[in-house]
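Structure record follows, encoded as structure tokens.
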Amino acid sequence: MGLPKSVVKIKKDGVEFTSNVDRVNYTIVELTRAALRDVGRLVCNRARQRIKKNTGRLAKNTQYWVRKKECDLQVGFKPGGWYGIFQELGTEKQPKIGALFNAVSENIDTIRDIEGKYLSAIEDEQQALSLINEGEYEGDE
């Protein structure tokens with residue numbers, strides 16, 4: 001999706017009203033999605049470091065998804081890593097590792113810094129546009 005029309009001009013009784021609401025809304029949504037993308041990368045990388053590596057397949061099946069319509073982030077295991085829930089929550093024979101939970105809870109300050117970096121860029125339009133990347137919003141690193 002490209003950048004929307006920059007302004008809406010309304011003329012009435014010799015007064016011209018210029019509105020940038022559409023452009024600002026677009027910029028805020030895209031900055032939020034870009035911040036969520038970087039947070040997803042961080043959480044996946046930190047979780048992969050904690051996952052017990054018998055075969056290494058579970059670490060490869062850890063992924064994040066930034067959904068456009070809901071504008072949220074999901075981090076989890078792809079269908080090939082369905083058994084990841086056993087390490088995440090634990091079973092009788094498998095101790096609880098909680099890789100995803102611990103990756104998020106231990107890095108809350110870093111996550112806030114990432115979100116703050118992106119959302120503070122709304123003040124400068126050129127900086128905001130440089131941070132917005134229409135690229136990958138699903139991680140498969």
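The values are calculated or read from the model by the stated rules, or taken from the named source; none is laboratory data. Just so it is clear, the model here is predicted, and its values are computed rather than measured. Note that each Cβ is placed from the backbone with ideal geometry, even for glycine, and that neighbours are counted across all protein chains shown. Each accessible area value is taken on the protein alone, full model and side chains, heavy atoms only, with ligands, DNA and RNA left out. Shrake-Rupley method; radii C 1.70, N 1.55, O 1.52, S 1.80 Å.
Expressed as a whole percent, the accessible surface of the chain that belongs to carbon and sulfur atoms is 52, based on a 1.4 Å probe.
Between the DSSP loop rule and a limit of at most 14 other Cβ atoms within 10 Å, which trypsin sites (Lys or Arg not before Pro) in segment 56-141 are left?
Numbers: sites: ARG57, LYS60, ARG67, LYS68, LYS69, LYS93, LYS96, ARG112, LYS117; in loops: LYS68, LYS69, LYS93, LYS96.
Sites meeting the loop and neighbour criteria: LYS68, LYS69, LYS93, LYS96.
For segment 121-127, backbone phi angles converted through the Karplus equation (6.51, -1.76, 1.60; θ = phi - 60°) give residue-by-residue couplings of 6, 5, 5, 10, 5, 5, 5 Hz, Gly and Pro being listed as x.
Taking max minus min of the alpha-carbon positions on each principal axis, segment 57-102 gives extents of 40, 20, 13 Å, largest first. Panel values: segment 28-141, Kirkwood radius from alpha carbon pairs, Stokes-Einstein at 37 °C and 0.692 mPa s, translational diffusion coefficient 219 µm²/s.
Which whole-number value in Å³ per residue fits the convex hull of the alpha carbons of segment 29-92? Could the numbers behind the result be given before it?
Numbers: hull volume 5.4 nm³, N = 64.
Normalising the Cα hull of segment 29-92 by residue number yields 84 Å³.
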